[in-house]
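Q: Please find one structure pasted underneath; my questions will follow.
Bear in mind these aren't lab numbers, they're just calculated from the coordinates by the rules spelled out. Only a predicted model underlies this, so the values are computations on that prediction, with no experimental measurement involved. So basically every Cβ, Gly included, is an ideal-geometry build from the backbone, and we count neighbours across all protein chains shown.
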Amino acid sequence: MMNIALQLAAQALYLSAPNPRVGCVIVAADGRVLGRGHTQRVGGPHAEVMALSDAAAQGHSVVGATAYVTLEPCSHTGRTGPCCDALVAAGISRVVASLQDPNPQVAGQGFARLRAAGVEVLVGEGALASRELNIGFFSRMVRKTPWVRMKIAASVDGQTALMNGQSQWITSPEARADGHAWRARACAVLTGIGTVLQDDPQLDVRLVETPRQPMLVVVDSRLDTPPDARLFSPARPVVIYAAVPNEARQVALEARGATVIFCPDASGKVDLAAMLRDLAVREVNEVHVEAGHKLNGSLVQAGLVDEFLFYLSPKLLGQGQGMTQLGPFSELSQAVALEFQETQRVGPDLRILARGFGRDRF
């Protein structure tokens, strides 16, 4: 039953942010499934309420039933009411949950209220899968920064563009569509001014179905983003992080709907760590980076990248632009060590998911 709940949670992958992706299955004592649900768009019902509503719509009583849920039922009133209270009021007698909610407003209080009402609570089944599904939510709640995933499309010899900057297209249509699916699950897509000026990209989700567009974040120290850039769209917010004030450019960009935030470091560039902390305050769980080798290198050198999403094309490009501007190193011990999580063929290309050692230990 928890596997079914996890499958339901996965249906909220592109939908529920900034709320966690949660699934719930309500089961009678004889094993019949009475109701199912997953978290809806922010402000909408949570998984438990959806499952209770589904049971009611089918004419099922849930008194004495068990609720299998992939995260602790919430105990606070935010955009919606407490789910633990809804389960108690419906007569649920047992709750099997994968994980305690890391949100300090919940953090065990949902379980405590259920137990105080006489509901049996079991915790732990499906914990790893639920946490992975919500790695960005856990990161924001525990570390106060989003989970940062860097997507890189490159030739098998590690080049992301030719020396003249040409890069469309190194990887296949299948890989590009798969990359859009990863964009769609993120709360924000992040790029740098170099990419904006060179490619004039849209950086939205077009190649897969999605119920929402992620925020676009641009690292632009001097506010060089052209007001007529293709990245501006009424379908999503655009946030530009800058370091050097320029009132005229700021006014022009804000007229296009952008939010401009000044976040300088000591060298007059954007403070990337402070930017991520600010994005967490803005309820960003996952940041999907699609930038050039310079910004990629800066993020890696600052230790801010949690995960890499590599798409490797079976091509040799020779001299070109690399994945990240790092080094040069004088010792192999200076290399950034990664741990492969998953490899998969996507069309003719190879997708590799890798993490820095220990990045997910929080």
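Q: Whole number please: convex hull volume per residue, Cα atoms of the range 111-194, in Å³.
A: It is 164 Å³ per residue.
Q: Taking amide H atoms as placed 1.01 Å from N in the peptide plane, list the residues 5 or more away in sequence, or in a different chain, whose amide H sits under 5 Å from that of V346.
A: R351
Q: Next question, about the same structure. In percent, what relative contact order does the chain have, based on Cα pairs under 8 Å that are 6 or more apart in sequence?
A: 15
Q: Between V22 and residues 5 or more places away or on another chain, which pairs have amide H atoms under 5 Å apart, with H built 1.01 Å from N, and which residues are they?
A: Amide H neighbours of V22: T39.
Q: Within the range 182-196, list the residues whose amide N lies under 14 Å from a label point set 7 Å along Cα→Cβ of Q168.
A: Answer for this model: 195-196.
Q: What list of ³J(HN,Hα) couplings, whole Hz, do you get for the range 252-260 from phi and the Karplus terms 6.51, -1.76, 1.60, once you set θ to phi - 60° and write x for glycine and proline?
A: Result, ordered by residue: 5, 6, 5, 5, 8, x, 6, 9, 9 Hz.
Q: So, one more: From largest to smallest, what semi-axes in whole angstrom does the range 209-320 give when each is the square root of 5 times an eigenvalue of its alpha carbon gyration tensor?
A: Taking √(5λ) for each Cα gyration eigenvalue gives 24, 19, 16 Å.
Q: Another one. Among P20, V336, V208, flag the residue with its Cα farthest along the positive direction of the charge dipole of the chain, charges on Cβ as +1 for Lys/Arg and -1 for Asp/Glu.
A: Most positive-ward Cα: P20.
Q: Specify which residue in the list L316, A47, T259 is farthest towards the positive end of the charge dipole of the chain, using unit charges on the beta carbon of Lys, Arg (+1) and Asp, Glu (-1), about the Cα centre.
A: A47
Q: Name the residue farthest towards the positive end of the dipole of the chain from the options V156, N296, T145, assuming +1 on Cβ of Lys and Arg, -1 on Cβ of Asp and Glu, about the Cα centre.
A: Looking along the dipole axis, the top candidate is T145.
Q: Continuing with this model, one more query. If we sort 160-167, 213-220, 192-199 on the protection proxy, mean other Cβ atoms within 10 Å, highest first, what's the order?
A: Answer by packing, highest mean first, reads 213-220, 192-199, 160-167.
Q: Treating only the Cβ atoms of Lys and Arg (+1) and Asp and Glu (-1) as charged, compute the dipole magnitude of the range 148-209 about its Cα centre; round to the nearest 20 debye.
A: Working: 6 positive and 7 negative charges, 42 e Å.
Using Cβ point charges on Lys, Arg, Asp and Glu, the range 148-209 gives about 200 debye.
Q: Further, regarding this structure: Quick check: Cα centre of the range 28-55 to Cα centre of the range 59-114, how many Å?
A: 11
Q: If you don't mind, there's one more thing I want to ask. What list of ³J(HN,Hα) couplings, whole Hz, do you get for the range 14-30 from phi and the Karplus terms 6.51, -1.76, 1.60, once you set θ to phi - 60° and write x for glycine and proline?
A: 3J(HN,Hα) across the range 14-30, in whole Hz: 9, 10, 8, 3, x, 6, x, 8, 10, x, 9, 10, 9, 10, 6, 4, 8.
Q: Still on this structure, please answer the following. Dipole of the chain, Cα-centred, from +1 at each Lys and Arg C-beta and -1 at each Asp and Glu C-beta, to the nearest 20 debye?
A: Values: 34 positive and 34 negative charges, 61 e Å.
It works out to roughly 300 debye.
Q: What is the spin-label model distance, in nm, from R143 to V336 if the labels are put 7 Å beyond Cα along the C-beta direction?
A: With each label point 7 Å from Cα toward Cβ, the separation is 1.3 nm.
Q: Let me ask another. Which is the longest stretch in the chain that no exposed loop site breaks, taking sites as GluC sites (Glu not before Pro) with a DSSP loop state and at most 14 other Cβ atoms within 10 Å?
A: With a cap of 14 other Cβ atoms within 10 Å, the longest stretch comes to 1-208.
Q: Output ³J(HN,Hα) for the range 237-249: one whole-Hz value per residue in order, computed from phi by the Karplus curve 6.51 cos²θ - 1.76 cosθ + 1.60 with θ = phi - 60°, and x for Gly and Pro.
A: Each residue of the range 237-249 in turn: x, 10, 10, 10, 9, 10, 10, 10, x, 8, 4, 5, 5 Hz.
Q: On a full-extension model of 0.36 nm per residue, what is the gain between H76 and V156, subtracting their alpha-carbon distance, rounded to one decimal in nm?
A: Result: 23.8 nm gained on full extension.
Q: Suppose every K and R has +1 on its Cβ and every D and E has -1 on its Cβ; what is the size of the dipole of the range 80-144 about the Cα centre, in Debye to the nearest 20?
A: Charge dipole of the range 80-144: 240 debye, to the nearest 20.
Q: A further question on this structure: Using per-residue counts of other Cβ atoms within 10 Å, averaged over each peptide, order 92-98, 348-354 from highest down.
A: Ranking, from highest mean packing down: 92-98, 348-354.
Q: Can you show me the helix-derived [θ] at 222 nm for the chain, built from DSSP H runs with n ≥ 4 at -39,500 (n - 2.57) apiece and divided by the number of residues, rounded to the nearest 500.
A: -7500 deg cm²/dmol
Q: So, counting K/R as plus one and D/E as minus one, what does the shell of residues with Cβ under 13 Å around D199 add up to?
A: Charge balance near D199 sits at -1.
Q: Right, here's the next one. Would you compute the Debye intensity of the range 63-119 from its alpha-carbon atoms alone, equal scatterers and no solvent, and pass along log10 I(q)/I(0) at q = 0.15, 0.26, 0.27, 0.28 Å⁻¹ to two decimals?
A: -0.35, -1.07, -1.14, -1.21
Q: Label-point separation (nm) for I4 and R32, each offset 7 Å from Cα along Cα-to-Cβ?
A: 1.2
Q: Also: Stretch V251-A117 to full length: gain in nm at 0.36 nm per residue minus the Cα-Cα span? Don't skip to the answer; put the middle values down first.
A: Working: separation 134, 0.36 × 134 = 48.24 nm, distance 5.54 nm.
Extra length from V251 to A117 when fully extended: 42.7 nm.
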